[in-house]
Structure formats: structure tokens, C-alpha cells
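Working notes, structure below.
The values are calculated or read from the model by the stated rules, or taken from the named source; none is laboratory data. Remember, it's a predicted structure, so these values are computed and weren't measured experimentally. Positions of Cβ are generated from backbone atoms using ideal geometry, with glycine treated the same way; all protein chains shown enter the neighbour counts.
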């Protein structure tokens, strides 16, 4: 499973480099850091200012065919928050933002 995640990161890094968002050495540094520290690949790219967080989020959303939204600009119904168990919210960094019929919609931190 870890090899598959590495392959996905390598593919994404090539796409980011091809689009001019990062340099190949940025990816190599991030992957090395992730393997040695166990930290998050994306956080490293943003922390080192190789790419802006918003840019990365937009690229990932587009890649996954998901809309990019700014949670800060949304009005969130607090009743929706009660639909998702707290442990799920914490585990996935999910923010319940809407409920339609029997389905809850969430924003969440990037993931593979």
C-alpha cells in the first residue's frame, strides 16, 4: 500500500513539475522528508514555500474532479455538524458543510 501511495505522489509531482508549480528537487526533498520523518508530503511542500496551499488544493481538487471551495466563505448549518461523529471529523479533518436528503457533504483536508 505504501508503494502505491509513493507511486501516486511521484505521478502528482511530475504533473506539478510539468505545470511549473514545483521543481523536481522539491519533490525529491519532500519525499525524502516524508520517509524519514513520517510527516505529510503536501505539508512539506507548503511549509517550504515550494507551492502555495491554495494552489495545491486547487490542483488536487481538479485532479480528483472535485469542486474547490473556500470554507471561510461558506455559511455552515450547525445542525449538519451534528450528523458526522466527532471521531470521524478529527480523523479525516472533515468539516460538514451541507445536508441534502439523507446525504451529508463535507470539506476535508487533501488526501490520496
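Criterion applied to 91, 62, 32 was being farther than 21 Å from residue 7 by Cα and modelled with pLDDT of 75 or more, and the one residue passing it is 91. The set of residues in region 35-61 being in a helix (DSSP H, G or I) and free of Cβ contacts under 8 Å to residues at least 12 places away in the same chain consists of 35, 36, 37, 43, 46, 47, 53, 54, 58, 61.
Only a single criterion out of (1) surrounded by 14 or more Cβ atoms within 10 Å (Cβ to Cβ); (2) assigned to a helix (DSSP H, G or I); (3) out of contact with any helix residue (DSSP H, G or I) (no Cβ under 7 Å at 6 or more places or on another chain) is not satisfied by residue 7, namely (1).
Within region 70-88, the set of residues being at pLDDT 80 or above and more than 20 Å from the chain's Cα centre (by Cα) comprises 85 only. Give me the residue from region 19-34 that is surrounded by 12 or more Cβ atoms within 10 Å (Cβ to Cβ) and in a loop (DSSP other than H, G, I, E, B) and, out of that set, farthest from the chain's Cα centre (by Cα). Only one residue tops the list, namely 23. Based on what the data block shows, is residue 67 modelled with pLDDT of 75 or more and part of a loop (DSSP other than H, G, I, E, B)? So residue 67 fits the description; yes.
Scanning region 78-95 for residues that are out of contact with any strand residue (DSSP E or B) (no Cβ under 6 Å at 6 or more places or on another chain) and either in a helix (DSSP H, G or I) or surrounded by 13 or more Cβ atoms within 10 Å (Cβ to Cβ) (or both) returns 78, 79, 86, 87, 88, 89, 90, 91.
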